[in-house]
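For reference, the structure is listed below as structure tokens.
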2 protein chains.
Amino acid sequence: MKAITLSDPSDKTSLALTEVETPTPAAGEVLVKVQAAGINRGDLLQAAGHYPPPPGASDIMGLECAGVIEDPNGHDFAQGDPVACLLAGGGYAEYVAVPVGQVMPLPKGYSPEEAASIVEVACTVYSNLVMLAGMRAGQKVLIHGGAGGIGTFAIQMAKAMGCEVMVTAGSEDKLQVCRRLGADVLINYREEDFAEVVKNQADVILDIMGAKYLDRNITAMAPDGHMVIIGMQGGVKGELNIGKLLSKRGTISATALRARDLEDKARICAAVVENVWPMLERGEISHQIHEVLPIADAARAHQMLADGLVTGTLVLRVDA
Amino acid sequence: MKAITLSDPSDKTSLALTEVETPTPAAGEVLVKVQAAGINRGDLLQAAGHYPPPPGASDIMGLECAGVIEDPNGHDFAQGDPVACLLAGGGYAEYVAVPVGQVMPLPKGYSPEEAASIVEVACTVYSNLVMLAGMRAGQKVLIHGGAGGIGTFAIQMAKAMGCEVMVTAGSEDKLQVCRRLGADVLINYREEDFAEVVKNQADVILDIMGAKYLDRNITAMAPDGHMVIIGMQGGVKGELNIGKLLSKRGTISATALRARDLEDKARICAAVVENVWPMLERGEISHQIHEVLPIADAARAHQMLADGLVTGTLVLRVDA
């Protein structure tokens, strides 16, 4: 089959479509014929050598896809069934072997390109905000980087669930994007200290900054608050004031989706289909594709994302 | 009524029995005639001026007691009903007003003195290990300070629930106490680095050291582990390696019981009566009283606890 490989890890433009072995589904896996693959920052990190696939996973990039079942391999599917898949890797290819717990139906009314660019963000946002931090109606939620791919999805999901949403972003334009998606409190972090604005109010915090925001997030936290760190754009090591955290009875989690075990991923995918797909189908969460490119243009797509030229998501189309 | 008050906060020996106003139960409270009051480190901290009562609470010391209902104040009790109570303060007295959600029956077969010294530790251990960290059968649990009041209770509860228990303590004698209570792995922290012994294994960690153990606790943590910090004997501020925490998908909480709101405390007390009282009644958790002293000897009792002369708990007896 054809797949995107990286011939020279020091040269991102060496991403190219090459001929590789078609994967064989192992026990517990199905083989999916890929129609579209979403592009994530994790793929850029992997291309740069910073985010190796977990043991046993494909070394091909691509953390989410949509397509049709090629080989049900004894599982309860028929050849040609349309599916959306959460992947530990392997999406940038004509075929991918997928653990059956990570194979989902498409949200009704969604194209393969749309579904392929929603899976990873839906699983990330739902697993962290709801399954881990217990987000529920009536709570106040602080979302950092509100205008990004994760942020825009998180704002809408939190609003759909009846929460009050506070966001940070670095420009008035980005904040207006957040407002249109339903955000209640807009904080331009270049002009205001979010910790002073939110102070003691945030029941749940979704953080992508890590060390740089650690102490201020605790200031922003409400009693019994829960902060989930899913990115470390502001550094890896920071001082934790445990006394301050204890005075809030606060909780800090740091997570990533890709290395979770199969059972966990299956639990997350099932919960997402049950709880998030209906929000998409009712139009409570909208999702913006920036551009669909042919898979052969993966290098260009990565460069666009790296250059910050993307609002919404990029999708690679795999032609039959 | 008579109650212990502190005439000179700079002089711990000024704790003395004095005449004060008998409390009047507010709406949602009952009046309890105290028979026995447990002594906790929080009382020593309060006597030293470091742990003021939360707003609205009695400024008398005493975080737990047992006694009988004096005035049901419209609630579903009869005068003379025996009760054990979780308090935000006020136990070192003849009478105390108690929010009705914090009034529990005594575990069957337990004396008021025994019950009075169990409430606080039972609520602390159950709320943190089970309600917050989700401890369940088959998990590995690391308990620091295994031979202390919290530690001895936590070891037995974790064993009763089917967990494997790893403990730290500072002497062979203390470790043997832990072993008799069921601990599986004994670590003398003076001789071994607990982080290297436990490495990547602890699903749940109950910590009393704070900053000093922060990084090593993350080393000890299993994937998806949850560390709960309830003491900061090793300092308040420490460096948090968020990348390391993220690689475990770990969670850190820091909590205290006293400042929780009434609804939370009621939820904890109900869960403790349902889940921990049966363990006490079946003898799965034993509890050791070091000495029962007359309430007039509160100053001497505090000094004994401060001097480290106590194994098990100290209880003040309030004579009719």
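Every test in (1) touching a Gly at 6+ places or on another chain (Cβ under 7 Å); (2) over 30 Å from A:Ala133 (Cα atoms) is passed by B:Leu214 save one, and that test is (2). Scanning region A:202-226 for residues that are of a type in the set (Ser, Thr, Tyr) and in contact (Cβ under 8 Å) with a residue 40 or more places away in the chain returns a single hit, A:Tyr213. Per the listing A:Val141, A:Val165, the residue uniquely in a strand (DSSP E or B), free of Cβ contacts under 8 Å to residues at least 40 places away in the same chain and in contact with an Asp or Glu (Cβ under 9 Å, 6 or more places away or on another chain) is A:Val165. Under the condition of being touching a Phe, Trp or Tyr at 6+ places or on another chain (Cβ under 8 Å) and surrounded by fewer than 24 Cβ atoms within 10 Å (Cβ to Cβ), the residues counted in region A:23-42 number 4. Considering the conditions (1) open to solvent by less than 40 Å² (accessible area, probe 1.4 Å); (2) over 23 Å from A:His290 (Cα atoms); (3) assigned to a loop (DSSP other than H, G, I, E, B); (4) not hydroxyl-bearing (Ser, Thr, Tyr), A:His50 is excluded by exactly one of them, (1). Within the span defined as region A:247-254, every residue fails to be more than 10 Å from chain B (Cβ to nearest Cβ) and either open to solvent by 10 Å² or more (accessible area, probe 1.4 Å) or in contact with a Cys (Cβ under 9 Å, 6 or more places away or on another chain) (or both). From the list B:Asp224, B:Asp207, B:Asp193, the one residue that fits, being farther than 21 Å from B:Ala147 by Cα and either in the same structural domain as B:Met157 (by TED's automatic domain parsing) or aliphatic (A, V, I, L, M) (or both), is B:Asp224.
Scan region A:258-265 and give yes if some residue there is open to solvent by less than 60 Å² (accessible area, probe 1.4 Å), of a type outside the set (Lys, Arg), at pLDDT 95 or above and not assigned by TED's automatic domain parsing to the domain that holds A:Gly67, otherwise no. Within region A:258-265 (the criterion being open to solvent by less than 60 Å² (accessible area, probe 1.4 Å), of a type outside the set (Lys, Arg), at pLDDT 95 or above and not assigned by TED's automatic domain parsing to the domain that holds A:Gly67), the answer is yes, since at least one residue qualifies. Residues of region B:288-312 that are of a type outside the set (S, T, N, Q) and assigned to a helix (DSSP H, G or I): B:Ile295, B:Ala296, B:Asp297, B:Ala298, B:Ala299, B:Arg300, B:Ala301, B:His302, B:Met304, B:Leu305, B:Ala306. Can you find even one residue in region B:113-124 that is farther than 30 Å from B:Ile187 by Cα and surrounded by fewer than 21 Cβ atoms within 10 Å (Cβ to Cβ)? There is at least one residue in region B:113-124 that is farther than 30 Å from B:Ile187 by Cα and surrounded by fewer than 21 Cβ atoms within 10 Å (Cβ to Cβ).
The values are calculated or read from the model by the stated rules, or taken from the named source; none is laboratory data. Keep in mind that what you see is a predicted model, and the values were worked out from it rather than measured. FYI the Cβ positions are ideal-geometry reconstructions off the backbone, even for glycines, and counts take in every protein chain you see. Surface accessibility is based on the protein's heavy atoms, side chains included, excluding ligands, DNA and RNA. Shrake-Rupley method; radii C 1.70, N 1.55, O 1.52, S 1.80 Å.
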